[in-house]
1. Name the single residue, out of those in region 19-35 being of a type outside the set (A, V, I, L, M) and within 12 Å of the chain's Cα centre (by Cα), that is most open to solvent (accessible area, probe 1.4 Å).
2. Hey, among the residues in region 36-68 that are open to solvent by 100 Å² or more (accessible area, probe 1.4 Å) and aliphatic (A, V, I, L, M), which one's nearest to the chain's Cα centre (by Cα)?
Amino acid sequence: MTGVHKIGHAVYHGPSVVKEILYGLALGLTVGGLWKMHHWNLQRKTREFYDMLDKGEISVVVDDAHQD
């Protein structure tokens, strides 16, 4: 039974500052990248809308025939 006491067990040493910084940095970059992609997508949709509006392909005025 004396061999049982020699087996090491996990000891909590507290948070690793370097790991926490790296995790935060990775999470921040990931979320920031997703937010930026969302922003680019909204810009593209807005630009397409105004391009179609300038070309006369669409209109923001409702036709009188379609009103009930």
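The values are calculated or read from the model by the stated rules, or taken from the named source; none is laboratory data. Just so you know, these numbers come straight off a predicted model, no measurement behind them. Each accessible area value is taken on the protein alone, full model and side chains, heavy atoms only, with ligands, DNA and RNA left out. Shrake-Rupley method; radii C 1.70, N 1.55, O 1.52, S 1.80 Å.
1. Top of the filtered list is 35.
2. Of everything passing the filter in region 36-68, 37 is nearest to the chain's Cα centre (by Cα).
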